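What follows is a short report on a single structure.
Bear in mind these aren't lab numbers, they're just calculated from the coordinates by the rules spelled out. Note that the coordinates shown come from a computational prediction; the quantities given were computed from them, not determined experimentally. Note: ideal-geometry Cβ built from the backbone for every residue, glycine included; neighbour counts use all protein chains shown.
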Amino acid sequence: MKKIFIFSTFFLALLAGCEKAPNTKVSTNIPVTESTGKYVINPQFDMAIDFSEGLAEFRVGDWGDGKWGYINKEAKIVINPQFAFTDKFSEGLAAVQFGNRKNGQWGYIDKDGKVIVNPQFTKARTFKNNLAAVQIGDDKTGKWGYIDKTGKLVINPQFDDADSYEENLARVRIGDWKTGKSGFIGR
């Protein structure tokens, strides 16, 4: 019992000290000032994701049927919550899911909310090095390939999974998660 009391006291003291430490952030992904830890944007969203390229994703409503949109750092809604799901902005575009989470199609929008690549993909990843991985076909048997920013297929769908490009290479997988093999492709 004494050990539990000592640990609890230590843990509470540690937490109290963390509240005053510089550069702490609230775990709800809502930005705070670096020096004081006071809210810059008050908690008001059912979910919010970190900022990327000046915009943050936010959701209103529950996980299953809530809608996602984007705010700027002044908490102004820049793109109304209207998407089943969203991804962060990268290279000026964001992958968004139109329709519903279960069978909606993914496309890409710009920072004004204008559709740049029509919704037509089962899944989509962020743009890196001017290419984005997209899945075509159903979720179980569909294949992944890569598109450019106009939506044109640049690398035909042939992979069972694919990631965004990093350092001009992208990880791809052939086969299932248990027995499949991963490797890297160039552009």
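Looking at region 88-187, the GluC sites (Glu not before Pro) that sit in a DSSP loop and have at most 13 other Cβ atoms within 10 Å of their own Cβ are Glu167. Applying both filters, DSSP loop and at most 12 other Cβ atoms within 10 Å, to the trypsin sites (Lys or Arg not before Pro) of region 40-99 gives Lys73, Lys76. Which of the three applies to region 34-121, rounded, prolate or oblate, going by the alpha-carbon gyration tensor with a ≥ b ≥ c and a/c under 1.5 meaning rounded? Oblate.
Region 120-159 and region 46-87 have their alpha-carbon centroids 23 Å apart. Computing FRET efficiency as 1/(1 + (r/R0)^6) for Asn129 and Asp65, where r is the C-beta to C-beta distance and R0 is 22 Å, gives about 0.05.
To the nearest 0.05, how large is the calculated FRET efficiency for Lys181 and Asp139 if R₀ is 22 Å and r is the Cβ-Cβ distance? The value I calculate is 0.60. Compute the Cα gyration tensor for region 90-174, then decide on rounded, prolate or oblate, letting a ≥ b ≥ c be the square roots of its eigenvalues: rounded whenever a/c is under 1.5, prolate when a/b is larger than b/c in the other cases, and oblate in all that remain. Oblate, since a/c reaches 1.5 and b/c is not below a/b.
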